[in-house]
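Data first, discussion second: the structure below is written as structure tokens.
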Amino acid sequence: MTEPRAVRAVQEPADPGIEQAGRFPRRRSFGQGPVMAVVALGGAIGSAARYGASLVWPTAPGAFPWTTLLVNATGCAVIGVFMVVITDVWAAHRLVRLFIGTGILGGFTTFSTYAVDVAQLVGHGRTGPASACLAATPVSALAGVWAAAAATRGLISAGRRTKEHGS
């Protein structure tokens, strides 16, 4: 009986388009520049929209900050819709997600102003409205994102069922 001969391993590149094993074509890298640019541009747009809302619906000193509450709840609801759309419907480029999600909607929603509003209410001796604002903002923001995401998923599912049944 003879022993099997050793098979000599051939070192070939995994991709025939690569001339030498271990060498890969270089991709042009722009670093974090595009990320910073789209987030900054989106943030400027979102912040300008939030500022516009405060001009249209100003809050008097010591009054309940309805504008900030509604901006945060609305912005979070739009985030819920957007996240469902880009995960379930549309494969968005990573910069689109950063531009809209982090930039525009991050600039539009304003949890720092919410904190200032609560502090100003306390400063005016209005601890009841301050406590209500302190609780209502995160609750409405979470409810907004959840309800909008659920409604968007429901609409997408209904649209897919309709399309499958040919109606």
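Computed from the coordinates by the stated procedures, all read-outs in this text should not be read as laboratory data. Everything numeric in this text was worked out from a predicted model, so none of it was measured. Cβ coordinates were reconstructed from backbone atoms using ideal geometry, including for glycine residues, and neighbour counts include every protein chain displayed.
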Exercise. List the chymotrypsin sites (Phe, Trp or Tyr not before Pro) in region 58-104 that DSSP assigns to loop (not H, G, I, E or B) and whose Cβ has at most 14 other Cβ atoms within 10 Å. Which are they?
Worked result: Trp90
Exercise. Just how many % of Cα pairs in region 33-164 lie over 24 Å apart, if you round to the nearest whole percent?
Worked result: 39
For this session: Distance between Cα centroids, region 84-130 to region 131-167: provide it in whole Å.
Result: 17
Problem set entry | Neighbour-count order for Ile86, Ile104, fewest beta carbons within 10 angstrom listed first | Ile86, Ile104
For this session: Determine the gain in length on full extension of the stretch Glu164-Val56; use 0.36 nm per residue of separation and subtract their C-alpha separation, reporting nm with one decimal.
Result: 34.4 nm
Seminar exercise, completed: Between Leu70 and Ser47, the two model label points (7 Å from Cα along the beta-carbon direction) sit apart by a distance in nm of 2.4
Exercise. Among Phe108, Phe64, which comes first, second and so on when ranked by fewest other beta-carbon atoms within 10 Å?
Worked result: Phe64, Phe108
Exercise. Which distance in nm do the two modelled labels at Met36 and Val116 give, with both placed 7 Å along the Cα-to-Cβ direction?
Worked result: 2.5
